[in-house]
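The values are calculated or read from the model by the stated rules, or taken from the named source; none is laboratory data. Computed from a prediction, not measured in an experiment: that's the story for all the values here. Methodologically, a virtual Cβ is constructed for each residue, glycine included, from the backbone with ideal geometry; neighbour enumeration extends over all protein chains shown. These area figures cover heavy atoms from the full protein model, side chains too; ligands, DNA and RNA do not enter into them. Shrake-Rupley method; radii C 1.70, N 1.55, O 1.52, S 1.80 Å.
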Amino acid sequence: MAGLLIRGGRIVDPVAGIDARGDLRVSDGLVIELGAQLEPRDDERIIDASNAIVAPGFIDMHVHLREPGYPEKETIATGTEAAVRGGFTAVACMPNTNPALDAAETLGDLQERVARDARCRVYPIAAMTLERKGLQPCDYPALARAGAVGFSDDGDTVRDARVMFEAAMLALETDGVFISHCEDPSFASASGAPAIAEDLAAARDLLIAIATRKRWHIAHCSTARVIELIAWARERGARVTCEATPHHLILTSDVAADLGPASRVNPPLRTQADCAALRRAVFDGTLDALATDHAPHTAREKSGEDAPAAPGFSGLEIAVGAYALALEGLPLARFIELLSCNPAQILGVAGGTLRAGAPADVTIFAEREWIVDPSRFASKGKTTPFSGRRLPRRVVATVVAGEIRYLAPELAA
Ligand code: DOR
């Protein structure tokens, strides 16, 4: 495979402690060298990264690719094309598929589809309970052997505290992180569960995380209280990390007035005070990861015509710009830590650095404004509350295992 020379960018690698202008050479799927003025080789392709930032590949640890079962919402091909356009070199996909990702055989089938269709790396999150029913734990070692990097019933909370506790005990010897969707089901309603439902579910799982010492991650935090609870649990020995989505960082429930039924998302959009608490948690280090919860649905499902509108937004293609909008003033190294280094560490996967020998997964982005037009998304999901918004940062190129998987039109020309 011909090599690639990424020239003249600001290379930021928080893990290696690098923030300097320079060139990056990759070949055979790996980072070869970083240097001030690397000489191009004859067979090498060149990307001009001047005026851009060169970072270890972004990893979105919370994505719904909808296969198997819901190809009308998204497929591995369309979801991972959306990922690379959004600057992601890897995604972790959630198990609320049909069938659910609760058995090694189903995961094996998924891995075959990924090998055939995916444009970026895909790490499966397997279900926490059989059929995601919240009744019986899955066979965690078997799922881990089949490639699962974590376990979650995302979309639903495991209703029974005892099942959750026993599942965590059973999974102790397995590496994969437990990922909680926090929404006490007794509060579920089409208009969205109130903050107390999220706080209660998070408090319970954090207590179980303290008691069991299982490694835990709280998905899509949306309330100020959950952030406090996470800090509280950490002080008591919980091995817990957490994430926030672009929409929860900056959008409040007022969006419902503009978007109507399509504004439905779980957890729901909340108050200014909640958004501010999440943003503070990004700046002060409490939050570990930014993740989109990319949750594509068909236009009809989002319209609310036939039933309550399906919850969730298309997130992959707006993420980098929306995070920058929400987190103005965040140091670049911290931005990259939240999008690359930390997700790699939480999932226990390769990536998160551009050191020589690391996988050649690279995200190149620039401080350049653009306007969101969902009709141009690669994702089948076209609903985003950021539609029409002017965002301050955009992806210039995405390189996966040394191959250019996305190149902004002005560079491709
Ligand atoms: O809004 C959401 N949609 N939240 C979730 O947790 C699940 C997701 C989905 O799968 O559509």
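Extension gain for the segment ASP254 to ARG41, taken as residue separation times 0.36 nm less the Cα-Cα distance, is 71.2 nm to one decimal.
Within the accessible area of segment 346-413, the carbon and sulfur atoms contribute 49%, probe 1.4 Å, all protein chains present. Of the solvent-accessible surface of segment 184-336, computed with a 1.4 Å probe and all protein chains present, 56% belongs to carbon and sulfur.
About its Cα centre, the dipole of segment 247-367 is roughly 200 debye, where the only charges are +1 on Lys and Arg Cβ and -1 on Asp and Glu Cβ.
Fully extending the segment from GLN272 to ILE371, taken as 0.36 nm per residue of separation minus the present Cα-Cα distance, adds 33.3 nm. Spin-label pair GLN111-ALA20: with each label point 7 Å from Cα along the Cα-Cβ axis, the two points sit 4.0 nm from one another. For segment 6-160, the solvent-accessible area with a 1.4 angstrom probe is 40 square angstrom per residue.
Quick check for you: with a 1.4 Å probe and neighbouring chains kept, what is the accessible area per residue of segment 339-413, in Å²?
40 Å²
Rounded to 0.05, the FRET efficiency of the ALA350 and ILE196 pair, given R0 = 35 Å and the Cβ-Cβ distance, is 0.30.
Annotation: amide H-H contacts under 5 Å for TYR406 (H modelled 1.01 Å from N, sequence separation of 5 or more, or interchain): THR398.
Using a cut-off of 9 Å between beta-carbons, work out the net charge of the residues near PRO14 (Lys and Arg +1, Asp and Glu -1, PRO14 not included).
Numbers: positive: ARG334; negative: ASP13, ASP19, GLU337.
Charge balance in the 9 Å sphere: -2.
Each label point was placed 7 Å from the Cα along the Cα-to-Cβ direction; for ASP284 and TRP232 their separation is 1.5 nm. Relative to the Cα centre, the charge distribution of segment 110-152, modelled as +1 at Lys and Arg Cβ and -1 at Asp and Glu Cβ, gives a dipole magnitude of about 160 debye.
Given a 1.4 Å probe, how much area per residue of segment 185-290 is accessible, in Å²? Don't skip to the answer; put the middle values down first.
Values: 4010 Å² over 106 residues.
About 38 Å² of surface per residue is accessible.
How big is the antiparallel share of DSSP beta bridges in the chain, given as a percent to the nearest 5?
Antiparallel bridges: around 50 percent, rounded to the nearest 5.
At 0.36 nm per residue, and after removing the present C-alpha to C-alpha distance, how many nm does the segment from LEU330 to GLU305 gain when stretched out fully?
5.0 nm
For LYS380, nonlocal amide neighbours, meaning residues 5 or more places apart or on other chains whose placed amide H falls under 5 Å from its own, are THR75.
A dipole drawn for the chain from +1 and -1 charges on Cβ atoms has a positive end, and of SER50, THR212, GLY315 the residue lying farthest that way is SER50. Excluding ALA104 itself, calculate the net charge of residues whose Cβ lies under 12 Å from the Cβ of ALA104, where each Lys or Arg counts +1 and each Asp or Glu counts -1. In short, -3. Using Cβ point charges alone (K and R +1, D and E -1), the dipole size of the chain about the Cα centre works out to roughly 460 debye. With contributions of -39500 (n - 2.57) from each DSSP H run of at least four residues, the per-residue ellipticity at 222 nm computed over the chain stands at -8000 deg cm²/dmol. Helix 161-170 and the longest principal axis of the Cα set of the chain meet at an angle near 50°.
Provide the net charge surrounding VAL163, with neighbours chosen by a C-beta distance below 11 Å and charges set as Lys +1, Arg +1, Asp -1, Glu -1. Neighbour charge sum, excluding VAL163 itself: 0.
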